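Below: one structure, written as structure tokens.
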Amino acid sequence: MENIRIEIKDITDLDSLSREYDISKEELIAFHNRHCTLHEIIPGNLPKYLKYIYIPADKESKRKEKSILNSQIILPDAPEESSYGVVMTTALPETKIHYLVDIQRKKKVVVSVVRKKIYINDQEIELMVEKLIETAGEALYPLQISLKKDGQAEAILNGKEIKNRWKEEYYPRIHQYYEGEVADETIWKLNRFYENMSGSTKVLHQNLFFAIYFMPLYTVYPDYQKEEILTFYFPSLEKVISYTAVFSLQKTLTDHDKILIHIKGVQINPPIAADLKKGSLDLLYQLNKETKSISSIVGRLSASHQNKGINIAVEIYQQKSYI
């Protein structure tokens, strides 16, 4: 089998080499030892003095085919329609919220978002206040958003249309149907929310999906990494939590030819209670190789504030066909 010699100055262990070239550690050692000189033999672990290693030439060719040579990810610019299944699961007690979101990319920096029916623990919402909030939330859609070049939401483009939709259609229906002190207070808060609707994306920050989906992914990754300060609002904590986060762009495509971006972060705001740990985030994004659109997001966020803590598992998967 034809071989090729590669420099290993930035590689410290055989495990990373075997992953990068898709060859087992044992096969890698055996192949190298068959083709190297006597003083280059690997006894079991990678010697510190070793500068080069021999690998099968076809493994290097396949690695290059899957390598991401340009560490800049550019925001998609082609019109596209996608549907995502969204699942958010909180612990203690376990509560699963799931729904569908349709996202239509009209042009490079404009998208339209429509959210479908919400289910809690695989059941339709039945409690009065939750049902009221879900119905009122429908007035927000379709939502037209302009994007920054890095993929973050920049402005709401149809704020006036949303406000009118609430005022003329949803508010009269909700106000007539729901009665009682709790309902009145909730409706008053919702009415204030829509009356203050403008072009600002601040209202979107209260929805975890928007904060996670419209992440600053589309940028340059120096040395395939970058650092950001990320913020998320957690309603149960009534607090915005900030994290120092590292974005890592994987240098090679996945087995299914996806671009992989891993975001890991640690909570900046320290919890007051001694028995609560700092929150963290761990999110894995897969992007389509050709279009650069998001294929899936999986991971977890946790946060602590005063005497409260929250842990949320996130699953967002692009559906095979547009719904």
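The values are calculated or read from the model by the stated rules, or taken from the named source; none is laboratory data. Source: prediction; values computed, not measured. In this analysis, Cβ positions are derived from the backbone assuming ideal geometry, glycine residues included, and neighbour counts consider all displayed protein chains. Areas reflect the complete protein model, heavy atoms only, side chains present, ligands, DNA and RNA absent. Shrake-Rupley method; radii C 1.70, N 1.55, O 1.52, S 1.80 Å.
Quick notes on this one:
- At an R0 of 51 angstrom, the distance between the Cβ atoms of Glu169 and Glu227 translates into a FRET efficiency of 0.70.
- With at most 13 neighbouring Cβ atoms within 10 Å, loop chymotrypsin sites (Phe, Trp or Tyr not before Pro) (DSSP) excluded, longest segment of the chain: 50-321
- For segment 200-292, GluC sites (Glu not before Pro) meeting the loop criterion (DSSP other than H, G, I, E, B) and having at most 11 other Cβ atoms within 10 Å: Glu238, Glu290.
- The length gained by stretching the chain between Leu38 and Leu237 to full extension, at 0.36 nm per residue less their Cα-Cα distance, is 65.3 nm.
- For a modelled paramagnetic label at Asp150, 7 Å from Cα along Cα-to-Cβ, the residues of segment 51-89 in reach, with backbone nitrogen under 20 Å, are 70-77.
- Label separation (Asn307 vs Tyr52): 6.7 nm, computed from points 7 Å beyond Cα along the C-beta direction.
- Positive-end ranking of Ser302, Ile53, Pro79 along the dipole of the chain, with charges on Cβ about the Cα centre, is headed by Ile53.
- The residues of the chain present an accessible area of 57 Å² per residue when probed at 1.4 Å with all protein chains retained.
- Relative contact order [Cα under 8 Å, 6+ residues apart], the chain, whole percent: 15 percent
- Virtual spin-label span in nm between Thr254 and Glu161, 7 Å along Cα→Cβ: 3.3 nm
- Of Lys66, Lys107, the residue with the largest accessible area leads and the full order is Lys107, Lys66 (1.4 Å probe).
- Near Leu284: Cβ cut-off under 11 Å, other residues only, Lys/Arg at +1 and Asp/Glu at -1. The net charge is +1.
- Here His262 sits with roughly 60 square angstrom of accessible surface, probe radius 1.4 Å.
- Estimated distance in nm for a label pair at Ala78 and Ile8, the labels positioned 7 Å out from Cα along Cα-to-Cβ: 4.0 nm
- FRET E, pair Ser16, His262, Förster distance 22 Å, beta-carbon r, rounded to 0.05: 0.90
- The lysines within cross-link reach of Lys148, meaning a Cα-to-Cα straight distance under 19 Å and a gap of 8 or more places when in the same chain, are Lys106, Lys107, Lys108, Lys202, Lys226, Lys292.
- Inter-part distance where segment 97-112 and segment 208-232 are each reduced to a Cα centre, Å: 18 Å
- Given charges at beta-carbon only (K, R positive; D, E negative), |dipole| of the chain in Debye: 760 debye
- Solvent-accessible area, 1.4 Å probe, carbon plus sulfur percent, for the chain: 50 percent
- Measuring against 20 Å, Cα to Cα, the residue pairs Lys9/Lys48; Lys131/Lys189; Lys239/Lys308; Lys149/Lys264; Lys189/Lys239; Lys149/Lys320 contain Lys149/Lys264; Lys149/Lys320 as the ones spanning a longer distance.
- Largest accessible area first, the residues Lys278, Lys131 order themselves as Lys278, Lys131 under a 1.4 Å probe with ligands, DNA and RNA left out.
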